1. State which residue is surrounded by the fewest Cβ atoms within 10 Å (Cβ to Cβ) when the search covers only the stretch 190-243 and only residues that are outside any helix (DSSP H, G or I) and of a type in the set (Lys, Arg).
2. Identify, by number, the condition in (1) within 16 Å of the ligand (Cβ to nearest atom); (2) closer than 20 Å to Arg186 by Cα; (3) open to solvent by 20 Å² or more (accessible area, probe 1.4 Å) that Trp377 doesn't meet.
3. Those residues that are open to solvent by less than 70 Å² (accessible area, probe 1.4 Å), touching a residue at least 40 places away in the same chain (Cβ under 8 Å) and more than 11 Å from the ligand (Cβ to nearest atom), I need them from the stretch 116-130; list them, please.
4. Which residue pairs have Cβ atoms under 6 Å apart, sit 6 or more places apart or on different chains, and have a first residue in the stretch 27-52 that is open to solvent by 50 Å² or more (accessible area, probe 1.4 Å) and a second that is part of a helix (DSSP H, G or I)?
5. Give just the number: which of (1) at pLDDT below 95; (2) in contact with a Gly (Cβ under 7 Å, 6 or more places away or on another chain) does Pro81 not satisfy?
6. Tell me which residues, restricted to the stretch 136-170, are within 30 Å of Glu100 (Cβ to Cβ), touching a Lys or Arg at 6+ places or on another chain (Cβ under 6 Å) and crowded, with 20+ Cβ neighbours inside 10 Å.
7. Please work out which residue is nearest to the ligand (Cβ to nearest atom), limiting yourself to the stretch 381-396 and to residues that are of a type outside the set (Asp, Glu) and free of Cβ contacts under 8 Å to residues at least 24 places away in the same chain.
Amino acid sequence: MTVEPISPTQNPLPRATVGETLQALRDIQLPMVAKGPIIRRPKLVAASERFDLDGRGVRRAQTLADKYGRGPLMLNIPGRPMALILHPEDVHRVLDDSPEPFATAETLKRHALKHLEPKVALISHGTERTQRRRLNEVTLEHGSPIHQMADAFMPVVEQEAKVLLDQVGADGGILEYKPFLDAWFRIVRRVVLGDSARENTELTALTEKLRADGNWAFLKPVDRKGRAALLDQMQAALDRAEPGSLAAFMSQRPQGSEAEPAQQIPQWLFAFDPAGMATFRALALLASHPARLEAVRHQITEEASEATPLLGRLRATVLESLRLWPTTPMILRETTTDVEFSHGVMPAGTSVLVFAPFFHRDDRQLDFAHHFAPELWEHPRTREDWPLVPFSAGPGLCPGRHLVLLLTSKFMAEILNQAEIELESHTLDPQGLPSLLNNFGLRFRLS
Ligand code: HEM
């Protein structure tokens, strides 16, 4: 006897009312779209900080969770099934069961990313995804805290940090976001593409332009000429294979026929931008927590003789910066079939929303919600733990996370090692950190 699967119409998931759906879209979705999902709009980030819009989003999700319990909660949007994850166990499930039945290639994400990288792993499916994801994993060394090319990367970070600090000295000791990001992107271009790309700010500008188009998803036509120019430059870097670059490393990795190496690199250039934001915010956390800063400095000194220091305390600080202010606040999946949950069935083709700030800052459940708690990252987090997912989790876990932590921790160490740091623009209350910290508005005094 065959058992017919239960359909979403026989056993539907709880459904938000029209009013609740509008409130969820206003408080959770709209601020994210307005700030820019693919590249941030500084004015709207400043407004979100000022009006605590991110905090409102978390409170809205809490209200819905109080009413609907476990969920997932179907939003009431005609013609577009969308579900909000409300329970920590379901976060683990959705991320662990990617890409089947929870595909990473979600519709809105595909429309946003096609502007620069239509064949990137994240919006691919099936064999294509398998090969592209694999190439990313082997090139970025998914499982290694220290990339085997770290010896080549560390001097690049040291040199660019020195250039930055000289410039800060010339600017009267003031460190603002723009020069910080310029220095960071010089590191990124050299590490990813090779030293010859150091001054190629036009490439960064082109990437930014295409990402700004991506913010509009399907509402803006693809700039095919711009995209072709970007992908040509990626291919040229692979062909040049400059020693010491990730492009060279990638060109020597095994690749399947569908791997599309040149289309994977724009994602790296793009994703190093939020890494810069997280690092700048991490500096603000340290400047506001003197005991922790001292512990960090102690570790920098202890590991000073190592060619590639691990700098676990700085890595934990960046992870905390990302927990408190996630740079990928919405992790999106799309169901490839009907999926049964304990309280009902989610239809195929549903966009599944994992709103990370709700799980990172849920003060009904977490006593550390609004505190700087680097000890959370002392041990690898598992499925048994509460989901803190700044780099996602499961088979879609960010394959660049170790590389990000390697480079950001070293960059911070170089800055902190040379200077005393004071946060001038903001006063952060360690007892209640804000729902958003506007990286564009942070200003430090280095002495
Ligand atoms: C602070 C910096 C970063 C954060 C917070 C971050 C976070 C994430 C998250 C949350 C995802 C999953 C997205 C989704 O499922 O929709 C992701 C995917 C990805 N990230 Fe990162 N990322 C960062 C930097 C980087 C960097 C620098 C690289 C490359 C050098 C990178 C490479 C990737 C790739 C290739 C994927 C797609 C993985 C897949 O298709 O399964 N990321 N990242």
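1. Lys220
2. In the conditions (1) within 16 Å of the ligand (Cβ to nearest atom); (2) closer than 20 Å to Arg186 by Cα; (3) open to solvent by 20 Å² or more (accessible area, probe 1.4 Å), Trp377 misses (2) alone.
3. Answer for the stretch 116-130, where residues must be open to solvent by less than 70 Å² (accessible area, probe 1.4 Å), touching a residue at least 40 places away in the same chain (Cβ under 8 Å) and more than 11 Å from the ligand (Cβ to nearest atom): Leu116, Pro118.
4. From the stretch 27-52, the pairs are Pro42/Phe440; Leu44/Ala34; Leu44/Lys35.
5. Failed condition: (1).
6. Thr139
7. Looking at residues that are of a type outside the set (Asp, Glu) and free of Cβ contacts under 8 Å to residues at least 24 places away in the same chain, I get Arg381.
A quick yes/no check of all residues on (1) charged (D, E, K, R); (2) more than 30 Å from Leu324 (Cβ to Cβ); (3) touching a helix residue (DSSP H, G or I) at 6+ places or on another chain (Cβ under 9 Å):
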site: Ala65; (1), (2), (3): no, no, yes
site: Asp90; (1), (2), (3): yes, no, no
site: Arg110; (1), (2), (3): yes, no, yes
site: Glu117; (1), (2), (3): yes, no, yes
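The values are calculated or read from the model by the stated rules, or taken from the named source; none is laboratory data. What you are looking at is a predicted structure, and each value in this text was computed from that prediction instead of being measured. Every residue, glycine as well, gets a Cβ built from its backbone with ideal geometry; the counts of neighbours run over all protein chains shown. Note: areas computed on protein heavy atoms with side chains; ligands, DNA, RNA excluded. Shrake-Rupley method; radii C 1.70, N 1.55, O 1.52, S 1.80 Å.
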